[in-house]
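Reviewing the structure listed below.
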Amino acid sequence: MSAIFISYRRDDTEGQAGRLFDELSQHFGHDAVFMDVAAIEPGRDFRQAIDEHVASCGVLLAVIGKGWLTARDTAGARRLDDPLDFVRLETASALKRDIPVVPVLVQGAHMPRAEDLPGDLQALAYRNAVELTHARWDSDVEVLVKALRSLVNGRANVPAVQPAVGGRTGRRWGMGLALAAALGLAYGAYTWHRHTTDAAAQAAAQLEQARRSAALAEEARRQAEADRANLEKLAAAQRAKSQADAEARWKAEAERAAAQRALAQAASKPAPPAATAPSVAQPVAPKPSAAPKAVEAVISAAPPAATSARPTSTSTQPVAPRLRWRAGHFPPPNAGDLVYALLASGDPACASYDGRSCLWGTAEKDIEFARLRPLACGSAHKAVHGSTGYEDPRHWCNLARKAAAP
């Protein structure tokens with residue numbers, strides 16, 4: 001009969017049990033390792049057959065995987081709660097006969113607690129366990145083999161009911177049991193020490209990794225804050241430059257418009273009436289060239305395209321720096337978002353770069369004020385597009401003027 005009995009659940013640890021069977025067969029011989037109760041004669045009570053097989057072994061290895069404790073049958077009941085479950089029968093039979101039972105943990109499984117086990121298996125929770133890992137399989141099996149040698153040599157082929165022993169034979173039997181117990185305790189201490197050391201090293205590595213991750217995250221946060229501050233400074237500088245350029249441009253346009261008006265007034269001024277006194281000479285009518293030299297200089301410096309495209313204003317001061325820009329959404333026929341302002345005349349003016357086309361869909365933060373040439377509704381709009389913008393009640397000029405009305 002076999003000296004080592006391997007108990008396992010097929011749908012849980014069949015692969016690890018088969019591998020362990022091959023390893024132990026190489027060390028103890030194929031006939032010394034028993035794995036499956038498959039040759040039960042028809043008509044025999046399988047409970048009695050299992051009990052006889054277990055009784056003939058020197059040690060039982062209970063291979064425990066992740067599904068050993070919670071495996072369920074087709075009805076949904078836990079298999080260990082079934083008194084006829086093969087795994088329960090094998091393990092309970094060994095515990096009842098006081099045969100050494102070694103829990104063999106695989107797949108990272110943990111020892112079951114006594115309260116989670118049926119009454120005839122609760123003693124299993126207090127047996128020293130052996131863990132077999134995939135990474136350290138050879139070394140783990142070697143430790144198990146060393147622990148099994150004394151148990152196999154001392155318990156192999158022991159009958160189910162042993163006669164009373166005494167004298168020298170009893171002393172040798174007691175020494176064998178003591179040695180087996182010492183080996184079990186030593187192996188348990190070794191396993192505990194190894195697990196404790198591995199857990200401490202793993203915890204230290206995880207702590208160091210967490211510290212490094214925190215340091216990297218802090219460095220990334222500081223860099224992001226520095227980049228955001230630099231971008232804000234750059235945006236502020238660009239806005240200030242755009243505003244300054246816009247003010248200078250509108251001031252130059254105002255001066256050019258004032259010079260045009262002065263020239264027009266000088267050219268249209270009527271000549272003074274002729275004097276009746278013979279001693280007074282007739283005055284000569286003023287010529288357009290009589291305009292002040294400063295006015296002529298401004299007119300000659302003004303770009304002709306801007307003079308023809310921008311509508312004539314009655315004010316001598318820049319318009320854009322004083323405007324309060326608004327953002328609105330308009331329905332068809334002029335659908336979309338538009339930035340506009342209300343002039344002192346009450347006419348709305350849209351943001352435009354060429355004085356002809358409004359900047360539809362452009363947010364105020366994206367407008368380059370240095371390039372701005374607003375298009376005003378009314379006469380300026382009619383000069384460009386042939387209508388004032390007020391003829392159609394749905395036109396943005398009408399809607400903007402109504403929205404801005406007090």
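The values are calculated or read from the model by the stated rules, or taken from the named source; none is laboratory data. Note that the structure is predicted; figures quoted are calculated from it, not measured. Using ideal geometry, Cβ is built from the backbone for each residue, glycine included, and neighbour counts are taken over all protein chains shown.
Listed values, structure above:
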quantity	calculated
Number of the exception - Arg44 against (1) free of Cβ contacts under 8 Å to residues at least 12 places away in the same chain; (2) surrounded by 13 or more Cβ atoms within 10 Å (Cβ to Cβ)	(2)
Candidates Ala344, Ala335, Ala376, Ala363, filtered to the one that is under 20 Å from Asn398 (Cβ atoms) and at pLDDT 90 or above	Ala376
Candidates Ala71, Ala109 - the one that is within 40 Å of the chain's Cα centre (by Cα), more than 26 Å from Ala32 (Cα to Cα) and surrounded by 19 or more Cβ atoms within 10 Å (Cβ to Cβ)	Ala109
Scope region 3-38; condition within 16 Å of Val106 (Cα to Cα) and aromatic (Phe, Trp, Tyr); matching residues	Tyr8, Phe21
Matching residues, region 137-153, being out of contact with any Lys or Arg (no Cβ under 9 Å at 6 or more places or on another chain) and not β-branched (Val, Ile, Thr)	Asp138, Ser139, Asp140, Glu142, Leu144, Lys146, Ala147, Leu148, Arg149, Ser150, Leu151, Asn153
Top-ranked residue of region 1-41 - restricted to ones that are at pLDDT 90 or above and part of a loop (DSSP other than H, G, I, E, B), ranked as nearest to the chain's Cα centre (by Cα)	Arg9
Answer residue from region 363-406, given it is in a loop (DSSP other than H, G, I, E, B) and polar (S, T, N, Q) and is nearest to Glu253 (Cα to Cα) among those	Thr388
Near pairs, Cβ below 9 angstrom, 6+ apart or cross-chain, from region 76-90 (touching a residue at least 40 places away in the same chain (Cβ under 8 Å)) to any residue that is among the acidic types (Asp, Glu) and surrounded by fewer than 18 Cβ atoms within 10 Å (Cβ to Cβ)	Arg79/Asp73; Leu80/Asp116
Enumeration of residues in region 343-365 that are among the small types (Gly, Ala, Ser), within 17 Å of Gly328 (Cβ to Cβ) and crowded, with 17+ Cβ neighbours inside 10 Å	Ala349, Ala351, Ser352
Scan of region 370-406 for residues that are within 48 Å of the chain's Cα centre (by Cα) and over 19 Å from Pro333 (Cβ atoms), ordered by number	Ala370, Arg371, Leu372, Arg373, Pro374, Ala404
Test: residue in region 89-99 that is under 19 Å from Ala182 (Cα atoms) and outside any loop (DSSP other than H, G, I, E, B)	no
Selection status of Ala147, among the aliphatic types (A, V, I, L, M) and assigned to a helix (DSSP H, G or I)	yes
Of the criteria (1) modelled with pLDDT under 90; (2) surrounded by fewer than 19 Cβ atoms within 10 Å (Cβ to Cβ); (3) assigned to a loop (DSSP other than H, G, I, E, B), which one Gly76 fails	(1)
